[in-house]
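The structure under discussion appears below in the form of structure tokens.
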Amino acid sequence: MFELDYKEKTKRYSGGIKSFLSDWMILILFIALVTICMLTMSKFRDPKNLFNIIRQASFIAIISMGEFFVILTGNMDMSISSIIGMVSIFFAGLVVTMGLPVWLAVLIVILMSIIVGIINGVLTVIGKMPSFIATLVVMNIIRGFNFIYSGGLPISGLPEGFNFLGAGYVGVVPFPMILMFIIAIILYVFTTQTSLGRSFYAVGGNYEASKLSGINVQFVGILAFVICAVLTSIGALGLTSKTLAGNIALGDELLFDVMTIVVLGGTSLMGGRGRIFGVVIGALFLQVISNVMVLMSIATPWQWVVKGIILVTVVLIDSNTKRD
Amino acid sequence: MNTSAEVIKQTSNAIPLIEVKNCTMEFPGVKALDNVNFTLMPGECHALVGENGAGKSTLSKCITGEYRMTQGELYIEGKRIRNSNYTIRESQSLGISIVHQEFQLMNEMTGLENVFLGRYETKSGFIDWKALQKKIEELKDFLEVDVNFNIPVKYLRTAEKQIVQLARALVNDSKVIIFDELTAVLQEKDIQNIFRIINVLKKRGIGIIYISHRLDEVFECCDSYTVLCDGKHINSGKVADIDKPQLIRMIIGRELTQAYPQINNKIGDTLLEIRDFTAPKAFRDVNLCLREGEVIGIAGLVGAGKTELVQAIFGNHELIKGKILLRGKEVKIKNPRHAIKLGIGFVPDERRMLGLNMLFDIKDNTTLPTMAMFRKYKIFQDKKAEAKAAYDINKKLNLNYYSLWQKVSKLSGGNQQKIVIAKWMLRNCDIFLMDEPTRGIDIGAKFEIYSLINELTKQGKGIIMVSPEMEELIGLCHRIYVMYEGVVMDVVEGERKTQEVIINSLLGVKENV
């Protein structure tokens, strides 16, 4: 009797087909999209093109996974675009102008982004500023420093070997793809299998209740911004390595894509809900669409329009689905 | 009362305001209502009673159009309502209003604006404030209330906010008003005022559906009753034909022999001592002490500083002065996390806002403070052990659920409260701070919480309990600290534990001894 009751109540129950569909909507759409493109476009199904999509999606996916943590805790980080610029330009400056070894420069820029993350977090969590405003301010300040440091000009001449990060292959597999999956798996385990990871969901779902349950809500809140900044700087290094030049404008158009990806991946803008692999699929989804538009030679401004419509649609669905 | 009886007599041939026939409401996995019938006549106050999860709110939501019944028929003033597209908007236009205990008011706007929101009268395109002001005065005369409608509602007392909500319903020309556990958060005096208003409304021929957990109220102001139990219709009839024990038996399906368990008399060492606790605008110079196996009560009106006091003990309210001695050793509690580490658990008054994470399931809510204890290889969560622990503790608390992976948002109030208590029992706390642990839950669940508190004291735990219900405090506590405007007026124990003594101190009257 006891055994029976125990089994019954600890059995994972699914919310039925409807909740399955709404949970994995993005995956289903993604498979449908890829299938259609594979069947109709010969240029698309070229393996070279497919690998290219994944490689291009990789670093944006890594940055989006960072933003995911901030949104999961119910905040928003607008400063990622200038963090990307900062990492890119200072890294190039440290290596090319000052002649530091690459590993040391990497360490320094990651440290810088950690500091930015802490500032974002402290302003939002302890200073109780709306995160949108706090990070917008930080974004502009960093952008200012980027300009002051570089005068607005790119710094080129990074060592050839650094190119491996963004364009290298392990066998036939692009290195960025491997990096993305390793990070995704680590973060998946972190968010689902550790108590600290679960705390992000708790804090985003109900800040006060989490606080009263003894979760270190301030630490978790700040940590989300730090994780975001660190993953953003890894992504920025990858993007920089493709051109081997530091560029302050590198991240200017990425903020929009990153937001789209995180929401596409099923993360609730209210916080408390979302999955790491949803974000990865969201990144691939958006990249496939971009790729298709390029193959169909649609002009860049029209690509913005299409991406804008996608974001509006997804946010509309997110805001109007009844959540219990 | 006489006049309302007359109204009923006059209208006994009248068409019922609301008639629900064979209503069934199904949610995934649960049958919330099973073949329920309900009739409301004009000028009648109809009590809808039953335990938590019995289906009272579900039924009222079917009537207001928030839910659409799976099966069954709804007639409003004899007219069949088409179920398929019945909405809240339609029910409002048919004259059905609901007044909740939780407010749906714009806090920054005045009472006047709240009442007429969306229905402003205009004169050549501008809002005609004078006309609105006149209307409000008429309403105030009609309800015989003296509430300031010209200040932002956030400055109003709970009872006054409810009057504003009622006024809003009346402006809406309501024929049916549902009172959804309105009195659960009110003090005695304000409850009497609500009763008076109900009588005024009845004379107007307005039908009232009265949902409450306080059965005395049913006998005081209702004409008829309908009892629900587990979504089934148990009985309906005239209140005059039954007495309280009969009603209780119908509600819980058993005899309630002794409402309060025997107070534990095995008292141990001093657990917690508080000295000179002072926080600006909340309370000052509060001293209290709690021993193992004791329940101490904190009584006081709204604004007496009860909630702030327990929050401060839990490290969630700033102090300017005061000492805490835990087992004789002085500690400085910095924040809730610290308090929990010291073995203190807190059951907050607003369980939906502060006690639970509505996005989480039962298991995750139960283990929220203890997550870090269930580890594999030092870092990974041991989910099996977590589920086992959550299962065991919830079994002990007799929680009614079908899966640990069920979201807590759809559980009844009593079951939700059990989870909030369960998480601290799992944490094995020594001291439980409970802020209104039985707020808005039914008798059956209350009784279970009482025996649970008793069980905890037998294990040598100490409990500090805040409650607006004097009866509850008298029945459960060893000692009652009565607060008035932030000061402990009196500590009541032994033979002095009577309602009269407590009421005097509640109102700030010093005894002339």
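Could you list, in sequence order, all residues of segment B:72-131 that are of a type in the set (Gly, Ala, Ser), part of a loop (DSSP other than H, G, I, E, B) and in contact (Cβ under 8 Å) with a residue 40 or more places away in the chain?
Restricting attention to segment B:72-131, the residues satisfying the condition of being of a type in the set (Gly, Ala, Ser) are B:72, B:78, B:84, B:91, B:93, B:95, B:97, B:111, B:118, B:124-125, B:131.
Narrowing the set further to residues that are part of a loop (DSSP other than H, G, I, E, B) leaves B:78, B:95, B:118, B:124-125.
Hits for segment B:72-131 are B:GLY78, B:GLY95.
For B:TYR402, indicate whether it is within 11 Å of chain A (Cβ to nearest Cβ), surrounded by fewer than 23 Cβ atoms within 10 Å (Cβ to Cβ) and without any contact (Cβ under 8 Å) to a residue 12 or more places away in the chain. Talk me through it step by step, then tell me what you get.
On the way: within 11 Å of chain A (Cβ to nearest Cβ): yes; surrounded by fewer than 23 Cβ atoms within 10 Å (Cβ to Cβ): yes; without any contact (Cβ under 8 Å) to a residue 12 or more places away in the chain: no.
For B:TYR402, the condition - within 11 Å of chain A (Cβ to nearest Cβ), surrounded by fewer than 23 Cβ atoms within 10 Å (Cβ to Cβ) and without any contact (Cβ under 8 Å) to a residue 12 or more places away in the chain - is not met.
A quick yes/no check of all residues on (1) at pLDDT 85 or above; (2) in the same structural domain as B:GLY413 (by TED's automatic domain parsing); (3) open to solvent by 80 Å² or more (accessible area, probe 1.4 Å):
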{"site": "B:ASN150", "(1), (2), (3)": "yes, no, yes"}
{"site": "B:ALA159", "(1), (2), (3)": "no, no, no"}
{"site": "B:VAL164", "(1), (2), (3)": "yes, no, no"}
{"site": "B:LEU182", "(1), (2), (3)": "no, no, no"}
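How about segment B:307-318: which of its residues are open to solvent by less than 60 Å² (accessible area, probe 1.4 Å) and more than 14 Å from every other protein chain (Cβ to nearest Cβ)?
B:LEU309
Does A:GLY251 qualify as being assigned to a loop (DSSP other than H, G, I, E, B), more than 14 Å from chain B (Cβ to nearest Cβ) and open to solvent by less than 10 Å² (accessible area, probe 1.4 Å)?
Numbers: assigned to a loop (DSSP other than H, G, I, E, B): yes; more than 14 Å from chain B (Cβ to nearest Cβ): yes; open to solvent by less than 10 Å² (accessible area, probe 1.4 Å): yes.
Against the criterion (assigned to a loop (DSSP other than H, G, I, E, B), more than 14 Å from chain B (Cβ to nearest Cβ) and open to solvent by less than 10 Å² (accessible area, probe 1.4 Å)), A:GLY251 qualifies.
How many residues are of a type outside the set (Gly, Ala, Ser), touching an Asp or Glu at 6+ places or on another chain (Cβ under 6 Å), surrounded by fewer than 24 Cβ atoms within 10 Å (Cβ to Cβ) and more than 7 Å from chain A (Cβ to nearest Cβ) if we restrict to segment B:334-373?
1
Quick check: anything in segment B:323-333 of a type outside the set (Lys, Arg), at the interface with chain A (Cβ under 10 Å from one of its Cβ atoms) and crowded, with 18+ Cβ neighbours inside 10 Å? Don't jump to the end; show me each part of the working.
Of the residues in segment B:323-333, the ones of a type outside the set (Lys, Arg) are B:324-326, B:328, B:330-331, B:333.
In the following step, the residues that additionally are at the interface with chain A (Cβ under 10 Å from one of its Cβ atoms) were identified as none.
Among the residues of segment B:323-333, not one is of a type outside the set (Lys, Arg), at the interface with chain A (Cβ under 10 Å from one of its Cβ atoms) and crowded, with 18+ Cβ neighbours inside 10 Å, which makes the answer no.
With the condition kept exactly as written, say whether any residue in segment A:150-158 is in a helix (DSSP H, G or I) and over 30 Å from A:GLY274 (Cα atoms). Break it down stepwise before answering.
Kept after step one, since they are in a helix (DSSP H, G or I), are these residues of segment A:150-158: A:150.
Okay, now just the ones that are also over 30 Å from A:GLY274 (Cα atoms), so A:150.
Looking through segment A:150-158, at least one residue is in a helix (DSSP H, G or I) and over 30 Å from A:GLY274 (Cα atoms).
Please give the strands (runs of 3 or more DSSP E) falling wholly within segment B:164-236 in which 2 or more residues are under 25 Å from B:MET109 (Cβ atoms). Please lay out each step first, then the result.
Details: elements: B:176-180, B:207-211, B:224-229.
The strands (runs of 3 or more DSSP E) meeting that bar are B:176-180.
Considering segment A:290-309 alone, what residues qualify as being surrounded by 19 or more Cβ atoms within 10 Å (Cβ to Cβ) and among the hydrophobic types (A, V, I, L, M, F, W, C)?
Correct list: A:VAL292 only.
Which condition breaks for B:VAL513 when tested against (1) of a type in the set (A, V, I, L, M); (2) open to solvent by less than 20 Å² (accessible area, probe 1.4 Å); (3) at pLDDT below 85?
(2)
Return the residues of segment A:263-283 that are open to solvent by less than 20 Å² (accessible area, probe 1.4 Å) and within 14 Å of chain B (Cβ to nearest Cβ); say none if nothing qualifies.
Residues satisfying the conditions are A:THR267, A:SER268, A:GLY271, A:GLY272, A:GLY274.
Among the residues of segment B:89-112, write down those that are over 26 Å from B:VAL147 (Cβ atoms) and aliphatic (A, V, I, L, M).
If we filter segment B:89-112 for residues that are over 26 Å from B:VAL147 (Cβ atoms), which is where we start, we get B:89-91, B:93-94.
Of everything in segment B:89-112, just one residue is over 26 Å from B:VAL147 (Cβ atoms) and aliphatic (A, V, I, L, M), namely B:LEU94.
Kindly list the number of the only condition in (1) farther than 30 Å from B:ILE362 by Cβ; (2) under 18 Å from the mean Cα position of the chain (by Cα); (3) open to solvent by less than 40 Å² (accessible area, probe 1.4 Å) that fails for A:PRO174.
Evaluating A:PRO174 over (1) farther than 30 Å from B:ILE362 by Cβ; (2) under 18 Å from the mean Cα position of the chain (by Cα); (3) open to solvent by less than 40 Å² (accessible area, probe 1.4 Å) leaves (2) as the failure.
Out of curiosity, is A:THR240 under 17 Å from the mean Cα position of the chain (by Cα), within 14 Å of chain B (Cβ to nearest Cβ), part of a helix (DSSP H, G or I) and crowded, with 19+ Cβ neighbours inside 10 Å? Spell out the reasoning first.
Details: under 17 Å from the mean Cα position of the chain (by Cα): yes; within 14 Å of chain B (Cβ to nearest Cβ): no; part of a helix (DSSP H, G or I): yes; crowded, with 19+ Cβ neighbours inside 10 Å: yes.
The answer is no for A:THR240.
Return yes or no: is B:LYS376 within 10 Å of chain A (Cβ to nearest Cβ) and modelled with pLDDT under 90?
On the way: within 10 Å of chain A (Cβ to nearest Cβ): yes; modelled with pLDDT under 90: yes.
It is true that B:LYS376 is within 10 Å of chain A (Cβ to nearest Cβ) and modelled with pLDDT under 90.
For residues that are within 14 Å of chain B (Cβ to nearest Cβ) and aromatic (Phe, Trp, Tyr), scanning just segment A:202-237, find the one that is most open to solvent (accessible area, probe 1.4 Å).
Result: A:PHE219.
So is A:VAL138 assigned to a helix (DSSP H, G or I) and within 14 Å of another protein chain (Cβ to nearest Cβ) or not?
On the way: assigned to a helix (DSSP H, G or I): yes; within 14 Å of another protein chain (Cβ to nearest Cβ): no.
For A:VAL138, the condition - assigned to a helix (DSSP H, G or I) and within 14 Å of another protein chain (Cβ to nearest Cβ) - is not met.
Check B:ARG249, B:ARG254, B:ARG291 and return the single one that is at pLDDT 90 or above and either touching a Pro at 6+ places or on another chain (Cβ under 6 Å) or open to solvent by 30 Å² or more (accessible area, probe 1.4 Å) (or both).
On the way: B:ARG249 fails: at pLDDT 90 or above; B:ARG254 fails: at pLDDT 90 or above.
Being at pLDDT 90 or above and either touching a Pro at 6+ places or on another chain (Cβ under 6 Å) or open to solvent by 30 Å² or more (accessible area, probe 1.4 Å) (or both) holds for just one of B:ARG249, B:ARG254, B:ARG291, which is B:ARG291.
The values are calculated or read from the model by the stated rules, or taken from the named source; none is laboratory data. Only a predicted model underlies this, so the values are computations on that prediction, with no experimental measurement involved. Cβ atoms come from the backbone with ideal geometry, glycine included; neighbour counts cover every protein chain shown. Surface areas here come from the heavy atoms of the whole protein model, side chains and all, with no ligands, DNA or RNA. Shrake-Rupley method; radii C 1.70, N 1.55, O 1.52, S 1.80 Å.
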